[in-house]
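Only one structure is covered here, and it is reproduced in the block below.
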Amino acid sequence: MDALQRVAVIAGYEWRRALAKKKVLALIILSVAFQTLTLVGEHELFVEGYLTNGTSLVWITSVLEGGLFVQLIAIIVGGGSMSEEYEHGTADILLSKPIKRVEYVSGKFLGGLSLLAMVEALITFVGVTLSLGFFGAQSGLQFAPIMFLAIVYSSLIFFCLSFMFSEVFRGTTLAILLAFAVLFASLIMSPILTFLYGNSTRAIPTWAATNFPSLVMSELITAPNVLPAGDLGALAQASLIIAVYAIVFTIIAAYRLLKSDVTKKAT
């Protein structure tokens, strides 16, 4: 078995481990339910005549709204990825096999990330399908794959953050709580700091994570009441911020694993 096969085996194992967690499945169901209920409400407004503009692009708002749950799923998947192996004692078993640590961490990372991609593919499919069913023909559906990739990319910040916490602290609850704390603190502080200091606060993690998909779509489709005018500078900045955070967090997690002499949970 070569290196790529070993990474693929670990990635498949990560899928099974993550999907066995009821919290992940619950959030997936909740995201789809939220999309459905939102579109049902918008359809009722449309039937009553209160919603008349932008219905041909309602799929965009539906997919973006469902994508909000991806950040939460990313934290839970990443937060237990490494730490649960230490807590259950399986890290010693896995790392005693003929597999290099870099293959192990790569498989765990790619497994979690590919699971997130699957969830977002489901959210995109549901959003597009329900929009077609409730509102008829939709415009710009050729950009649906790009929106899917944009939301997956935007989830990297909090997935990598919780993945790093999971390896550094080797405690699932602590890793998830810390990642949630960063998420909610950023959401609370971002509008306040933006009001006080303007665009200089864009480095806050949630700004790039929440705005990148809509910035991408605003460059492709600009329509009144649906998307604001495009801002190519903001898009480039958001893309760079996501990349920097993701790379830094991943390097720290990998360094912690590669340089660690023990596989037991940190005390």
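Assorted remarks:
- Dipole of the chain, positive end: most advanced residue of His43, Leu116, Ala20 [Cβ charges, Cα centre]: Ala20
- Placing unit charges on each Cβ (+1 for Lys and Arg, -1 for Asp and Glu) gives region 3-259 a dipole about its Cα centre, and among Phe143, Phe184, Val7 the Cα reaching farthest toward its positive end belongs to Val7.
- With an a/c value of 1.5 or above and a/b not larger than b/c for the gyration tensor axes a ≥ b ≥ c computed over the alpha-carbon atoms, region 130-215 is described as oblate.
- Per residue, the convex hull volume that the Cα atoms of region 3-259 enclose (Å³): 133
- Estimated FRET transfer efficiency when R0 is 41 angstrom, pair Trp15-Ala203 (beta carbons, to 0.05): 0.80
- Gyration tensor (alpha-carbon) shape descriptor, region 1-60, a/c threshold 1.5: oblate
- C-alpha long axis of helix 3-19 to longest principal axis of the chain, angle in °: 60
- As a rough footprinting exposure proxy, the listed residues Ile75, Ile251 were ranked by other beta carbons within 10 Å of their own, and the order from fewest upward is Ile251, Ile75.
- Charge dipole magnitude, Cβ of K and R +1, D and E -1 - region 3-259, Cα centre, debye nearest 20: 1020
- Leu177 versus Lys100: modelled label distance in nm, points set 7 Å from Cα along the beta carbon direction: 3.7
- Loop trypsin sites (Lys or Arg not before Pro), region 80-146, which have at most 15 other Cβ atoms in a 10 Å radius of their Cβ (DSSP): Lys100
- Entries of Lys21/Lys97; Lys97/Lys259; Lys22/Lys259; Lys21/Lys108 with Cα pairs more than 27 Å apart: Lys22/Lys259
Coordinate-derived values only; no laboratory data. Everything quoted here is computed from the prediction, not taken from an experiment. Methodologically, a virtual Cβ is constructed for each residue, glycine included, from the backbone with ideal geometry; neighbour enumeration extends over all protein chains shown.
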